[in-house]
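Contents: one structure, followed by commentary.
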Amino acid sequence: MLLKSSHLPHSVYLHWKRWFFILAMVLLYLFLLVSGVKGQQGMPWHWMHMPRALQSWTSVKMSSPPAADSELLITGKKVYLNNCAACHGDMGKGDGRWANYLVPRPRNFSRGIFRFKSTPSGTLPTDNDLFRTISAGINATAMPSWQFVLPEKERWAVVSYLKTLCKDFAEEAAGKPIILTPSSDITPGRMVQEGKEIFRKNCVECHGPEGYGDGPSALNMEDSFGDPIEPRNFHRAAEFKRGHTLADIALVVATGNDGTPMPSFDLGKENIWNVASFVMSLAKEKEEGSEPNGYCPMGMGMRMGMKR
Ligand code: HEC
Ligand code: HEC
C-alpha cells in the first residue's frame, strides 16, 4: 500500500520538515554570499573583510604616476563610484549612503580642506599626498587601506578623479612639500628628553600634561565641518590616524592637520624630531585594559583597529 504523508508517524513528518528548513537556510546563505549582498549595516562584504593592520602614511610605496589623460579620468570615475561614493557621496560632499553611520564622518572633498599632506597648512595636498592617504587609509576610522584592494594604477586614477570633485585644484597649485631631513644627532635618550620640554611648552594645552588628550582646551572641540574632535591620546598607538612612526608624527607637527584644531609648528627641524621622539615614546602598542584592537564590525563609532 502506498503511504500518504498523513499516514507517516508524526515524528518522522517533523523530521522531514526540519531538514527542509536547514537545506533552505544553507541555500539562502550561499545565495547571499555569491550575490554579494550587503553584510552588517548594509556594508558590502568585501569592506568588512579588508585588512586592518596599522598603516603608516609616510611608508607608502609608489612608482611614478601614469600620464593624467582622459582615459585615466574615466577609470578614476569608475573606481570612485564603485569604491568611494557609498561613503564620500557621488559628488564627494561626504554624504554617501553610509555617512550617517560613521564617526568620524567621511571627508567632504568639495571644500578643499585636506588633513593629511606634506604641504604647509592652508595649501592643497600634492597628488603623492592623496595617493598616500588613499593607499594607507586612515587608522582608527572607516577609511580603508586601498593598497590591498586596488592596483596602483587605479589608485592614481582615483586621485585624478577626486581632484575634479573640488574646484580648488583647478584654481591653485598644490603647496610645496615640507621635507624633513633626518636629525643630525640621533641619540634617542637626548631627543626624548629635549622633546619633553618642547611638548610642555607647546602641546599640553590640548594634549594634556601626560599626553592623554585631556588638556584644558580639549573639551567641546570641533573640526571645521562642525563635527566633534578630540586631541590625540598619545598612549594609544592604534589611534594615530597617519601612523605612529617617527616620520609620521614629525610630519603631523610640521604640517598640522588642516580643518582641525591641530596647528602646524615652526620649531626648526631638530626640535620637530625631538618632540616627535617624545610623543612616540608614549605610544604603546596595546594599552592595559583597553578594548582589544582586533576586528570590529562596522557601525556607529566604529574603529577599524589593527589585528596583531
Ligand atoms: C567605509 C567608508 C569609506 C570609504 C568606502 C572610503 N572612505 Fe575615504 N574616508 C572615510 C572617512 C570616515 C574619512 C575621514 C577620516 C577622518 O576624518 O579622520 C575618509 C577620508 C578620506 C580622505 C582624507 C582627506 C584628508 O583630509 O586628507 C581621502 C583623500 C579619502 N577618504 C579618499 C577616499 C577614496 C579615494 C576612496 C575610494 C577608493 C575612499 N576614500 C573610500 C571613509 C571612507
Ligand atoms: C590647539 C590644540 C592643539 C595643540 C596646541 C596641539 N595639538 Fe596635536 N592635535 C590636536 C587635535 C584636535 C588633534 C586631532 C586631529 C585629528 O583627529 O585629525 C591632534 C592630533 C595630533 C597628532 C596625531 C595626528 C594623527 O596622525 O592622528 C599628533 C602626533 C599631535 N597632535 C602632536 C602634537 C604636538 C607634538 C603638539 C605640540 C608641539 C600638538 N600636537 C599641539 C590639537 C592640538
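Just so it is clear, none of the values below were taken in a lab; they were calculated from the coordinates. Small disclaimer: the values here were computed from a predicted structure and weren't measured. Don't worry about glycine lacking a Cβ; one is built from the backbone with ideal geometry, like all the others, and counts go over all protein chains shown.
Rg and Dmax of region 131-170 over Cα atoms: what are they, in angstrom?
My reading of the Cα-based Rg and Dmax gives 10.9, 31 Å.
How long is the gain from residue 190 to residue 219 if the chain were fully straight, where each residue apart is worth 0.36 nm and the alpha carbon distance is subtracted?
Here the segment from residue 190 to residue 219 would lengthen by 7.2 nm.
Any chance you could check the Cα centroid distance between region 237-253 and region 50-103 for me, in angstrom?
A separation of 21 Å, based on Cα centres.
What is region 67-171 by shape, rounded, prolate or oblate, if you read a ≥ b ≥ c off the alpha carbon gyration tensor as root eigenvalues and call it rounded for a/c under 1.5, prolate for a/b larger than b/c, and oblate otherwise?
Here region 67-171 falls in the rounded category.
Just check region 171-276 against the gyration tensor rule for me: Cα atoms, a ≥ b ≥ c as the square roots of the eigenvalues, rounded for a/c under 1.5, and otherwise prolate or oblate depending on whether a/b exceeds b/c.
Oblate.
Among the listed pairs 61/201; 93/269; 117/201; 201/269; 153/269; 201/241, which have their C-alpha atoms separated by more than 27 angstrom in this model?
Over 27 Å apart, Cα to Cα: 61/201; 93/269; 153/269.
Excluding residue 231 itself, calculate the net charge of residues whose Cβ lies under 13 Å from the Cβ of residue 231, where each Lys or Arg counts +1 and each Asp or Glu counts -1.
Value of the local net charge: -4.
Taking 7 Å along the Cα-to-C-beta vector as the label spot, tell me the residue 227-residue 269 distance in nanometres, rounded to one decimal.
Going from the residue 227 label point to the residue 269 one covers 3.6 nm.
How far, in nm, would the chain grow between residue 62 and residue 23 when pulled straight, counting 0.36 nm per residue and subtracting the alpha carbon separation?
In short, 9.2 nm is gained.
Could you please report the charge total around residue 67, scoring K, R as +1 and D, E as -1 over all other residues with beta-carbon less than 13 angstrom from its beta-carbon? Intermediate values should be presented prior to the final figure.
Values: positive: 153; negative: 69, 71, 127.
Counting the neighbours of residue 67, the net charge comes to -2.
Does a label point 7 Å from the Cα of residue 152, set along Cα-to-beta-carbon, have any residues of region 109-138 with amide nitrogen under 18 Å, and which are they?
Output list for this probe position: 127-137.
Using the 10 angstrom Cβ neighbour count as an exposure proxy, how do 166, 84 rank, fewest first?
Working: 166 18, 84 23.
With the fewest neighbours first, 166, 84 line up as 166, 84.
Sorted from fewest to most neighbouring beta carbons within 10 Å, what does the list 98, 19, 57 look like?
19, 98, 57
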